[in-house]
1. Please turn the phi angles of segment 404-410 into ³J(HN,Hα) values with the Karplus equation 6.51 cos²θ - 1.76 cosθ + 1.60 (θ = phi - 60°), one per residue in order, whole Hz, x for glycine and proline.
2. With labels modelled as points extended 7 Å from the Cα through the Cβ direction, what inter-label distance (nm, one decimal) is found for Leu331 paired with Lys60?
3. Antiparallel DSSP bridges in segment 341-444: what percent, to the nearest 5?
4. Between Asp36 and Asp123, with labels modelled 7 Å along Cα→Cβ, what's the label distance in nm to one decimal, could you check?
5. At 1.4 Å probe size, with every protein chain present, just tell me what the per residue accessible area of segment 226-280 comes to in Å².
6. Would you mind calculating the gained length between Ala98 and Asp177 on full extension (0.36 nm times residue separation, minus the Cα-Cα distance), in nm to one decimal?
7. Which shape class, rounded, prolate or oblate, goes with segment 207-321 when its Cα gyration tensor gives a ≥ b ≥ c as root eigenvalues, a/c under 1.5 marks rounded, and past that a/b bigger than b/c marks prolate?
8. What's the ranking of 228-235, 269-276 by average number of surrounding C-beta atoms within 10 Å, highest first?
Amino acid sequence: MKNLRRKTLAAASAMTLGAGLAVTGGLAPAAAAGPDTSYLVLAPQGANTSKAAARVAAAKGTVVASYDQIGVLVVRSTNPAFATQVAGAGVESVASTAGLGTALDEGETVEATAADVAAATGDPTTEPLYSLQWDMDMIHVPQAHAVNNGSPNVVVGVLDSGISSSHPDLATQIAKDKSTSCIGGVTDTTEAAWNPTTSDHGTHVAGTIAAAVNGVGVTGIAPGAKVAAVKVVNDDGYIFPEAAVCGFVWAAEHGMQLTNNSYYIDPWELNCKNDPRQRPVWQAVQRAIRYSQSKGVLNVASAGNSNYDLAHKITDTGSPNNGTPENRENLTNACLDLPAEAPGVVTVSAVGPTGEKSYYSSYGQGVVDVTAPGGDTRFRTQGVRSTSSDSILSTTFNTATRTNGWGYKQGTSMSGPHATGVAALALSAHPGMTPGQLASFLERTSVAQACPAGVYNPVPLISATDPHLYDATCSGGGARNSFYGAGMVDAYNVVR
């Protein structure tokens with residue numbers, strides 16, 4: 001998703017030259033090595049990777065991960081000419097992923113203050129912090145739990161920054177045998193590898209989906225289901241394309257029926273398949289998503305936090321995410337927000353406590369499929385600014401003190417897991433649905449929301465110089481529109 005803060009990736013970007021060497025015995029000096037760089041090398045669609053792997057070796061590269069299922073190799077090389085030398089028969093495209101990290105939009109965490117222990121009853125409304133979970137009432141979670149609170153046969157892959165395996169609301173909820181780190185495009189299944197290190201974003205997302213009804217803290221939407229940590233965010237806070245590819249393939253190969261994706265891929269918010277810098281990334285991610293779908297995985301993604309009309313792309317002025325922003329104009333629909341706009345992915349916008357589009361949420365007719373609570377702390381009622389309690393309360397992990405807790409975040413990062421949790425309930429109540437059937441069912445059971453009248457500006461007079469910073473215009477009718485898609489997801493509707 002669009003990042004509200006910037007980081008600089010601390011990686012070498014210039015070629016390192018050694019000391020000068022005299023030419024002796026008629027031999028030229030060896031070519032100087034460049035920085036150790038990651039590449040995506042794609043074999044032709046449908047072909048195996050053996051020829052591509054041979055070309056990688058000849059070009060002085062090392063295959064660190066081979067995704068033969070989709071014809072994608074993750075390669076590292078210090079050869080400055082690697083991208084040129086690897087091209088040829090058996091290689092469709094190649095791209096360095098250096099500088100292609102997208103910084104995760106963390107949101108601001110505000111710790112909850114309330115008792116965290118109470119008698120366990122199995123009733124979500126008796127969880128100590130439930131009274132602060134306005135989002136659960138909005139989508140009728142208590143009514144759903146009276147019918148079905150989820151099945152342990154349903155496993156949701158949380159492609160994010162890791163999940164705290166010691167959190168009292170999550171310790172029993174994690175499918176440890178299906179969890180991994182995908183940092184660098186390489187899997188590492190040790191528990192420490194897929195736990196959070198510098199970000200609690202994934203822990204917050206996981207709590208919304210499946211926090212236990214155990215008399216401690218909060219309730220998740222599908223506490224009977226399981227979550228798997230699939231860590232794709234590195235310690236610098238970046239998601240690189242090779243990690244996302246790894247995550248989708250891992251989910252496909254390990255029996256997950258759902259993934260939640262609260263991020264976008266590539267530092268350009270809009271990935272243009274007609275841009276030679278970005279096309280290999282677009283191809284690799286599309287292949288990985290299609291493969292996961294073929295294995296029965298429905299992927300759910302956040303729409304983004306830019307208040308951007310994804311159906312009418314014109315410019316992208318805030319990208320790349322970890323470099324000098326470029327002003328890209330006259331864009332077309334060849335430019336996509338990935339994974340949100342990949343075919344078959346369920347895209348989720350966000351609403352606040354009033355049920356209206358959150359000021360930050362991106363939107364788009366034919367792009368947004370459903371909407372869900374994501375929080376809106378800038379909504380003003382009679383001139384009074386709202387508080388953090390108008391964002392989403394869930395599980396947290398303080399990475400500095402290594403302690404667990406509960407706190408507030410807002411964003412489409414939070415609305416996505418609400419839709420994912422409802423989808424997990426739907427699969428629990430109606431097992432056997434294909435990804436396409438589940439996506440359709442999620443839309444059909446959503447509660448339609450009409451467009452607000454006129455230009456929507458939930459934050460009037462944000463400043464004297466820019467009073468309409470968050471203006472947006474909704475298009476479409478009551479049955480389906482650009483703000484809310486088919487409507488608000490409903491937990492009770494999918495289980496009854």
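The values are calculated or read from the model by the stated rules, or taken from the named source; none is laboratory data. Remember, it's a predicted structure, so these values are computed and weren't measured experimentally. Quick reminder, even Gly has a Cβ in these numbers, built from the backbone with ideal geometry, and neighbours come from all protein chains shown. The area values use the complete protein model at the heavy-atom level, side chains included, leaving out ligands, DNA and RNA. Shrake-Rupley method; radii C 1.70, N 1.55, O 1.52, S 1.80 Å.
1. 8, x, 9, x, 9, 9, 9
2. Going by the 7 Å Cα→Cβ label model, 3.7 nm.
3. Just about 70 percent of them are antiparallel.
4. In this crude label model, Asp36 to Asp123 measures out at 5.7 nm.
5. That works out to 21 Å² for each residue.
6. 25.3 nm
7. prolate
8. Ranking the peptides 228-235, 269-276 by packing returns 228-235, 269-276.
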